[in-house]
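S.K.: One structure is given below, represented as structure tokens, and several questions about it will come after.
The values are calculated or read from the model by the stated rules, or taken from the named source; none is laboratory data. It should be emphasised that the depicted structure is a prediction, and the values quoted were computed from it without experimental measurement. Please note: Cβ atoms are built from the backbone with ideal geometry, for glycine as well, and neighbour counts cover all protein chains shown.
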Amino acid sequence: MDALMTWLEARLADNSIFTLQTLGYYGEGLVTTVQLVFLSLIIGLVLAVPLAIGRGSTHRWVSLPIFLYCYVFRGTPLLVQLYLIYYGVVFVEGIQETWLWVILEEPFVPALIAFTLNTAAYTTEIFRGAIKSTDRGEIEAARAYGMSKGLMLRRIVLPSAFRRALPAYGNEVIFMLHASAIASVVTIMDLTGAARFVYARFYAPFDAFLFVAAIYLCLTFAILYLFRYLERRLLAHLRPASG
Amino acid sequence: MIDLHGYGPRLFEGAMITIQLGVLSLALAIVLGLVTASAKMSRSWVAHRIGTLYTTIIRGVPDLVLMMLLFFGGQIGINQITDALYNHFGIDIFINVNEFVAGVITIGLIFGAYMGETFRGAFMAVDSGQIEAGRAYGMNHWLVFRRIRFPQMMRHAIPGLSNNWMVLLKTTALVSVIGLSDMVRVAAEASKATREPFTFMIIVAAIYLLIASVSEWGFARLQKRYNVGYREAD
Amino acid sequence: MKMNHLLSLGVIGATLVAGTASAEVRDIRIGVDVPYEPMEFRTPEGELTGFDIELGNALCAEIGIQCEWVVQGWDGIIPGLQARKYDAIMSSMTINEQRREQVLFSDPYITPPSAWFAPGDVEIGTPSDETLEGLTLGVQRGTLQDNYVTDMYGDVADVNRYATADDMVLDMDSGRLDAAFLDFPIGKSTLLESGAGNYKVVGEKITEPKEYFGVGFGIAFRQRDKELAAAFNEALATLKADGTYDEIHATYFGVE
């Protein structure tokens, strides 16, 4: 480890911008970005499944609020949602005295809430489309077997809907990664935050932003390949049979 | 009535900037998208490669990072060129990349890549028999494009176009971060000054929803127009 | 930021103003980042005012030129100068080595210290590695205070960087920040005297080491505009000699 450090230090000696310190900021930024995106996607996914089912409900008082939630969160910029949550919570009377403030004080949590609500709205629509396009025949077959609604949802509708939703969800993951760059606006030192810091300190926009663009590009490719792999595994039955 | 603390006119100006920015970037994106689609479908290996490189890079990097790169970096890049001109030839040129221009160029560049994909798919959906028929009538390349390929392509492209416009509209909010006084920026300033974040941000959110709803209606009309002669499948 | 953006887009090609470099000092535009009370800020009516603004106007009058102020965010203030959006920066900019590589500075026109500010109910001893450990500290991004805090306490404390001093004050009000490091006159005006909350200065005012705190605030010019810088230096010396400088200083900082 020490040998590696001295080697790195030697590499960076004739370079005033990419020192161990600034690379450290990029490193921490990478961790923050990945955490933020990963957590919001996971929580958003968990929220989106019941919401997508409820969105197709025949009860208006179930489907209408979900429709409105999706409409508002998909129709307004994430930046506006982030501002509302980050600055909004501060002005809730007396919140600083409650236990909630301990977690809301850190900028990470308001950002996580905003990102989660946003991605949940998009994911709900993706799943809703996938559920709607379930083959009628499959549903009729399940009914004929005497399956209850819940069992049918669990065994027939959802598994095939997840597979159909995969390509669209892959796009949503990449969009979320890119959208997370605005976390830097509320002082979070994510990847973009690190780049802005380096830019402001050294007035070197090309070094600061091209470097971070390259990191994002690598992350995007990693996600693309992951989803391509998943599609190959899970959607194998949809590929044309090779002769 | 809601008390805007005198920020009403500035908020309105901000909304106008958002709309101008959105429309101009859309125009640029459509032009770039058509060029990219042609490049990617072209038989020229170089054009194809450049088109692919452009769409890959743009779609791999966050909008905000591209915007900062272009806004902060673009200016310095231009300065280095003009300074070199001054130092070597004594020519004093001044090129100003203001926030608005940087915003239009960046958003246009970003969505040009997405539009390129939309248009490419749409062009490929046009029946090649129709193009051959046009040729057989003695139409030249341009006439085939104008009378046959473009109108039919638009029918397939409108859903994608409408989708891209909705995303583009929301992306305009990012210019507030590089200092352009769009409505998000005005609302953020007003919230801080008056200590009332909900009032201004909710108004801004409502304006975005309004613009989105109006354009949804507009695109539906457009779709109807280009769908003349077709019947939607059930 | 008027609605003539359509126009500006149209004439971007036309602003390729070609001309020859002239030696005479002409009317100029000065870039400034507001608000940074009491150095530069807007009155409720929207008019620019503050120590920098008033001194800048006096300097221009002394030289005999017209000066127009252009508001620009701190993040882009040096690139804006190089881009010739304006010809000088007079915006509480500390003279230091990193900036000297980019711009040409006038003689320092004021040398205010920096200081730590904290909410009245936060108990912090004299700032050091031990007393600041684990706290959340606020600075404005890209300022000398940012450089200083990052290098001195970046490892032991969380440093939150803000685009404007206003954003920082808002987070301090809300309780997200334990302490902020600011130019002393700015903290005094925006925190101590704002009446928005109960704040205090922690420890001594800080002016050392010089590699961070420089020799004071300077007016920045493009490297090649040496005549312009010389004209401002001369005017500054005159205003200091005839008492105008002291008068403006007293308006904003009182008599010490």
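S.K.: I'd like to know if segment A:102-121 contains one or more residues that are part of a helix (DSSP H, G or I), more than 30 Å from C:Leu177 (Cα to Cα) and at pLDDT 90 or above.
M.R.: yes
S.K.: Against the definition (touching a residue at least 40 places away in the same chain (Cβ under 8 Å), farther than 27 Å from A:Phe162 by Cβ, among the aromatic types (Phe, Trp, Tyr) and within 14 Å of chain B (Cβ to nearest Cβ)), how does A:Tyr86 come out, yes or no?
M.R.: yes
S.K.: Is it true that B:Ala37 is surrounded by 15 or more Cβ atoms within 10 Å (Cβ to Cβ), in contact with an Asp or Glu (Cβ under 9 Å, 6 or more places away or on another chain), in a helix (DSSP H, G or I) and more than 14 Å from chain A (Cβ to nearest Cβ)? Don't jump to the end; show me each part of the working.
M.R.: Values: surrounded by 15 or more Cβ atoms within 10 Å (Cβ to Cβ): yes; in contact with an Asp or Glu (Cβ under 9 Å, 6 or more places away or on another chain): yes; in a helix (DSSP H, G or I): yes; more than 14 Å from chain A (Cβ to nearest Cβ): yes.
In short, yes.
S.K.: The conditions are (1) buried (at least 17 other Cβ atoms within 10 Å of the Cβ); (2) more than 14 Å from every other protein chain (Cβ to nearest Cβ), and A:Gly29 fails exactly one of them. Which is it?
M.R.: Of (1) buried (at least 17 other Cβ atoms within 10 Å of the Cβ); (2) more than 14 Å from every other protein chain (Cβ to nearest Cβ), only one is false for A:Gly29: (2).
S.K.: Would segment C:205-219 turn up any residue that is within 14 Å of chain A (Cβ to nearest Cβ), crowded, with 22+ Cβ neighbours inside 10 Å and part of a helix (DSSP H, G or I)?
M.R.: Checked segment C:205-219: no residue is within 14 Å of chain A (Cβ to nearest Cβ), crowded, with 22+ Cβ neighbours inside 10 Å and part of a helix (DSSP H, G or I).
S.K.: Please note which helices (runs of 4 or more DSSP H) are completely contained in segment B:55-134 and include at least 3 residues that are at the interface with another protein chain (Cβ under 7 Å from one of its Cβ atoms) and at pLDDT below 85.
M.R.: Qualifying helices (runs of 4 or more DSSP H): B:74-89.
S.K.: Name the single residue, out of those in segment A:89-99 being assigned to a helix (DSSP H, G or I) and more than 8 Å from chain B (Cβ to nearest Cβ), that is surrounded by the most Cβ atoms within 10 Å (Cβ to Cβ).
M.R.: Once the filter is applied, the top-ranked residue is A:Val89.
S.K.: While we're on this one: If I ask for residues that are polar (S, T, N, Q) and at pLDDT below 95, which ones from segment B:21-37 would you list?
M.R.: B:Thr36
S.K.: Based on this model, can you work out whether A:Arg136 counts as farther than 18 Å from A:Leu230 by Cα, surrounded by fewer than 17 Cβ atoms within 10 Å (Cβ to Cβ), within 14 Å of chain B (Cβ to nearest Cβ) and free of Cβ contacts under 8 Å to residues at least 12 places away in the same chain?
M.R.: Yes, satisfied.
S.K.: Can you tell me which residues in segment A:137-161 are basic (Lys, Arg) and either closer than 22 Å to A:Leu45 by Cβ or in contact with a strand residue (DSSP E or B) (Cβ under 7 Å, 6 or more places away or on another chain) (or both)?
M.R.: A:Arg154, A:Arg155
S.K.: Scanning for something more than 19 Å from B:Thr171 (Cα to Cα) and in a helix (DSSP H, G or I), does segment B:12-30 turn up at least one residue?
M.R.: no
S.K.: Considering only strands (runs of 3 or more DSSP E) fully contained in segment C:66-164, which possess at least 3 residues that are free of Cβ contacts under 8 Å to residues at least 40 places away in the same chain and surrounded by 20 or more Cβ atoms within 10 Å (Cβ to Cβ)?
M.R.: C:158-162
S.K.: What number goes with the only condition from (1) in contact (Cβ under 8 Å) with a residue 12 or more places away in the chain; (2) within 14 Å of another protein chain (Cβ to nearest Cβ) that A:Ile156 does not pass?
M.R.: (2)
S.K.: Quick one: which of B:Phe145, B:Phe198 is within 11 Å of chain A (Cβ to nearest Cβ) and surrounded by fewer than 21 Cβ atoms within 10 Å (Cβ to Cβ)?
M.R.: Result: B:Phe198 is the single residue among B:Phe145, B:Phe198 that is within 11 Å of chain A (Cβ to nearest Cβ) and surrounded by fewer than 21 Cβ atoms within 10 Å (Cβ to Cβ).
S.K.: If you take just the helices (runs of 4 or more DSSP H) that sit entirely in segment A:150-243, which of them hold at least 1 residues that are loosely packed, with under 13 Cβ neighbours inside 10 Å?
M.R.: On the way: elements: A:158-179, A:191-202, A:205-234.
Helices (runs of 4 or more DSSP H) meeting the threshold: A:158-179, A:205-234.
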